[in-house]
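Written out below as structure tokens is the structure these notes cover.
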2 protein chains.
Amino acid sequence: MSSHASLQDVEVGDIVEVQFDGDKIIGRVMPRTELDPPGLLTLKLSNGYNVGVSLKGVSLKVLKKSEQKHKPIQESEEEEKYSAGEFVSLISTGGTIASRVEYETGAVKPALYAKDLLTLVPELASITKVKTRILMSILSEDMKPSYWTEIAKAVYEEIKSGACGVVVAHGTDTMGYTAAALSFALPKLSVPVVLVGAQRSSDRPSSDAYFNLINAVKFARFADASGVFVCMHSSTSDPTSWILTGTKVRKMHTSARYAFKPINARAVALVNGDIKMLERTKPRGGETVLKAGFSEKCSLIYSYPGLSQRVLEALCADCEGVVFAGTGLGHVPSYLLDSISQLKKRGVLFFMTSQCYFGRVNMNVYTTGRRLLSAGVVPLEDMLPETAYVKLCWCVANFPREKVEEVMRTNLVGEISERTVYEVESYESGLRSAPAA
Amino acid sequence: MSSHASLQDVEVGDIVEVQFDGDKIIGRVMPRTELDPPGLLTLKLSNGYNVGVSLKGVSLKVLKKSEQKHKPIQESEEEEKYSAGEFVSLISTGGTIASRVEYETGAVKPALYAKDLLTLVPELASITKVKTRILMSILSEDMKPSYWTEIAKAVYEEIKSGACGVVVAHGTDTMGYTAAALSFALPKLSVPVVLVGAQRSSDRPSSDAYFNLINAVKFARFADASGVFVCMHSSTSDPTSWILTGTKVRKMHTSARYAFKPINARAVALVNGDIKMLERTKPRGGETVLKAGFSEKCSLIYSYPGLSQRVLEALCADCEGVVFAGTGLGHVPSYLLDSISQLKKRGVLFFMTSQCYFGRVNMNVYTTGRRLLSAGVVPLEDMLPETAYVKLCWCVANFPREKVEEVMRTNLVGEISERTVYEVESYESGLRSAPAA
């Protein structure tokens, strides 16, 4: 096949020839990743390097269509056969890892064919059989609590259908929130569920999408672990990803490949060729329980000097519960105390975490903290603010009102750590890009 | 002096004897620091170690009152003489570093005599002449934009009266916000202004209050630098503090001594015995300009999945401007776009930073970012969300409305970094507890 093509004809995986100024480049069309400027087509050359080609005023020929036939988004996988316990399910939700150039505008838009990922990463086939499933196609800043339920249900279905591990491709913006949501909505799991994304531009022979996906599938297939994890680059080193606990992970850099850090926890494993377990985790097996549903009537409020009573009351007008990302050991301005007391009496639940992220709240040290405790604000130990917010949405939807505070305070899936002797060490290694292995 | 004393008689710096169960301990009364449990009196023993003594059922004798006479809070400094350029002004605003046990309840309450600090740290006298001034006495979670103005004015007065450097003792909860506020309110400075706090319990021979204060005074007196800085422990090493840029610093741990980290920047200096400059800074000299005033009608909104249109509109009801701590490269849910457009037309200004903290926003990559830009949301590069909020409060109070967006986008005092080749290195060293010196 060789003909002049319009940009709409080009799909990820195609081999194309681009002509400009008498020069030409031949390469395979790569998916977009974050930080690619708009209007750029990224091609993987035969030498392994990627080049970005401006889409303006070039002539484009498709030399060879991708071997993988791309069916529309309703594509059915049903005809394929998967033997229970011998395949990994790859669920796509959208995000950079599953995005393509919107050729009309040059912007990145989620428009995914799950099989693109298989086309671009043929190594996956040598790891295990991968069943792909497109669940939704949105950028992760648009995630909503109701979508968390949909994802949890899809993961549950895949496990019930025999998947020995599930990989969820997800945008990085809110991957931490979704990882927490799946942790609560699937409180018991017999296999690993691994969220994976792409963060970094494809200006290297191997973008992080490529290795993260390989490592996620490898972990999902072979690790003797169960639970919800995030798999993202651990350092600037190309092929190494780490596996992080879903309730203890946060995106800590807008663009670096090693943006995801464990907070008040250590990395569970390193994957690079093989799997190196760093922490004890629950092994495979046991039952898988689905307990989905998330309230959309909870708020996460970041405290700051000047946060007013008016704003707090406006936020709580139609709200079941509030998680504060307070300052330091867990404080909000003491002039908010009266409002909090009154709102609490009207039925709004209040919980405290810290905007420091690292460390533990302790509201017994200072007068303000003690007064907040008296007003009924519940401290959440070393739980991340985002995880606490997700857990509150889940608790409000799944437990009777009078049980919510007790459930929030109880460690269910690793969201609260015991006080450990290596807190300092953990903080240090968590902040570094790679653990001291 | 030796008599049975009630707890109310005991002051920081006194030598006391505590009797319990036939045993006794003699030591000097230390000020409270964070994480001391309530009801505990901390004594420094003659061997240098601190011990905590429960206040319940003990007999207490004051053996020797502190040599420094404690005058009531209205104490006047006017009788003392300070030669211009030869003294450091120590302004206290409250916080742990300036707190004492509230003996009645055992809780930490700010109740400071500035000279306590001099009594407890006699080494200060050997560094330079220190003029103390009590400006306010509040825990820092209660800081408000109007207090930032008061502190800035006091710093300005001290410099005008001849101080060759100013140290501001401050609670750690919101020290980062105040450091940013002073940076904008004193946009030109002839000397260093150093914020210092205490973070860590006094369960060691030397609490961080002690060394941080010595290092802050040393830097304020001798460093050939001007601007606003934070001086806090750089690592677990006792006597070392680092000096961080006031607009690029964040409290990243609830309780560790090295909680303060430079974000998208490197530490300016290390102080340990002597001063080791790590980064170029503006030298001393030139004029000092005061441009104080902070609006109380701005908001900092943390984005999360489920943040509703209703909440956004409630927040903006009586608001001049909003700083978003968006996800990733600078996003909020796209279903908020219509509200933002309408609020913008009604006069609310919108700015974008990232809740990742590290890295830079880039709203040109994705559709959502581009649509937010079209709606008039202004991206703020690598500015911290907290710094951006403080700057917005300041801009709204000090510039005509039509200039605010331009001023927000312009780097004034280091709040926006140029894109640097060592971004990765900076991120890494910023996250470690001490820079690779």
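Overview of results
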{"read-out": "Subset of the range B:134-156 [closer than 21 Å to B:Val289 by Cβ, out of contact with any Lys or Arg (no Cβ under 8 Å at 6 or more places or on another chain) and either in a strand (DSSP E or B) or not aromatic (Phe, Trp, Tyr) (or both)]", "value": "B:Leu135, B:Pro145, B:Ser146, B:Thr149, B:Glu150, B:Ile151, B:Ala152, B:Lys153, B:Val155"}
{"read-out": "Any hit, the range B:391-414, residues being of a type outside the set (Gly, Ala, Ser) and within 23 Å of A:Arg250 (Cα to Cα)", "value": "no"}
{"read-out": "Selection from the range A:167-214 of residues that are at pLDDT below 95 and among the polar types (S, T, N, Q)", "value": "A:Thr172, A:Gln199, A:Ser201, A:Ser202, A:Ser206, A:Ser207, A:Asn212"}
{"read-out": "Checklist (1) at pLDDT 95 or above; (2) within 13 Å of another protein chain (Cβ to nearest Cβ); (3) surrounded by 24 or more Cβ atoms within 10 Å (Cβ to Cβ) applied to A:Tyr366, failing item", "value": "(1)"}
{"read-out": "Selection from the range A:231-287 of residues that are in a loop (DSSP other than H, G, I, E, B), among the aliphatic types (A, V, I, L, M) and more than 12 Å from every other protein chain (Cβ to nearest Cβ)", "value": "A:Ala265, A:Ala267, A:Val268, A:Leu278"}
{"read-out": "Residue list for the range B:125-145, restricted to those being within 11 Å of B:Thr178 (Cα to Cα) and among the polar types (S, T, N, Q)", "value": "B:Ser140"}
{"read-out": "Residue match in the range A:334-346 (condition: closer than 30 Å to A:Pro262 by Cβ, free of Cβ contacts under 8 Å to residues at least 40 places away in the same chain and in a loop (DSSP other than H, G, I, E, B))", "value": "no"}
{"read-out": "Any hit, the range B:63-79, residues being at pLDDT 80 or above and among the polar types (S, T, N, Q)", "value": "no"}
{"read-out": "Whichever residue in the range B:298-331 is among the β-branched types (Val, Ile, Thr) and under 23 Å from A:Phe294 (Cβ atoms) and, among such residues, is nearest to the other protein chains (Cβ to nearest Cβ)", "value": "B:Thr327"}
{"read-out": "Which listed residue, of A:Ser374, A:Ser334, A:Ser339, is surrounded by fewer than 22 Cβ atoms within 10 Å (Cβ to Cβ), at the interface with another protein chain (Cβ under 7 Å from one of its Cβ atoms) and under 30 Å from B:Ser137 (Cβ atoms)", "value": "A:Ser334"}
{"read-out": "Hits in the range A:102-142 - residues which are under 19 Å from A:Thr174 (Cβ atoms) and at pLDDT 70 or above", "value": "A:Ile134, A:Leu135, A:Met136, A:Ser137, A:Ile138, A:Leu139, A:Ser140, A:Glu141, A:Asp142"}
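A quick yes/no check of all residues on (1) under 18 Å from B:Gly347 (Cβ atoms); (2) crowded, with 19+ Cβ neighbours inside 10 Å; (3) at pLDDT 90 or above:
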site	(1), (2), (3)
B:Phe358	no, yes, yes
B:Tyr389	no, yes, yes
B:Trp394	no, yes, yes
B:Pro400	yes, no, yes
B:Glu405	yes, no, yes
B:Arg419	no, no, no
B:Ser426	no, yes, no
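The values are calculated or read from the model by the stated rules, or taken from the named source; none is laboratory data. Just so you know, these numbers come straight off a predicted model, no measurement behind them. Note: ideal-geometry Cβ built from the backbone for every residue, glycine included; neighbour counts use all protein chains shown.
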